[in-house]
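In what follows, a single structure is set out as structure tokens and then discussed.
The values are calculated or read from the model by the stated rules, or taken from the named source; none is laboratory data. These numbers come from a predicted model, not from an experiment. When we count neighbours, we look across all protein chains shown, and the Cβ atoms used for this are built from the backbone with ideal geometry, even at glycine.
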Amino acid sequence: MPATQSTIVTTEGEGTMEIFSLPSDTDFLLTLLTDIFENYWDKIHFGPHVQGAVWEIRAPAKPERINLLDGYLTVDFGHWHFHLCIGFNKGTHRNPTSDTLAKHRCTARVELYRRLRDDGKPSSWGLRLFNGADEQQMTVFLPNPYLTIEQKVLKEPNFDHLEMWDHLRSTYLGLAPDPLDRQPSKQLCG
């Protein structure tokens, strides 16, 4: 179980976030990502979230296949799929991957996060993965009590939407639900 100490970071464009670090080894990531995409595929949005671009993709169905080959996790939804390098990538005999490139590609930093408003109350929850060059690979946007699954603002928060966040905290950090997550704010999102 990883350390459960969190870190507060404030960055331009992201605001204030509370970060909970997770392991980045292949076995852990395969378990975590399989859990998320097999059990919560219909409750999440995911994709890259970098300065200047945010992709909030919703899966069309439960994945038909999740597997690992040469360091790459493949999540296959039938008509489309994605690959994410979570382990050491060797390449092929004819085109081997250098150690430098393999380290660059592979997930090196993983974190659960919650974005904090000016009043200190959370406004969004997620999981982020970064490669060995500290480039973001993917964000998984978790269900938000202030939004519907279609991303429409709710009149009143629905804190049942935090079930996945509570599951991830409990399973992968050993933490109980935090009452802070259920303190409504007059600021709805952001």
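Of note:
- The residues of segment 147-179 that are touching an Asp or Glu at 6+ places or on another chain (Cβ under 9 Å) and either buried (at least 20 other Cβ atoms within 10 Å of the Cβ) or among the acidic types (Asp, Glu) (or both), listed by number, are LEU162, TRP165, ASP166, LEU168, ARG169, TYR172, ASP178.
- Condition check for THR107: more than 19 Å from PRO177 (Cβ to Cβ) and out of contact with any helix residue (DSSP H, G or I) (no Cβ under 9 Å at 6 or more places or on another chain): no
- Which numbered condition PRO143 misses (of (1) out of contact with any helix residue (DSSP H, G or I) (no Cβ under 9 Å at 6 or more places or on another chain); (2) modelled with pLDDT of 95 or more): (1)
- From the options ASP160, ASP181, ASP166, ASP119, residue that is farther than 18 Å from ARG58 by Cβ, among the charged types (D, E, K, R) and part of a loop (DSSP other than H, G, I, E, B): ASP119
- Only residues that are of a type in the set (Phe, Trp, Tyr) and assigned to a strand (DSSP E or B) were counted across segment 69-95, and they come to 2.
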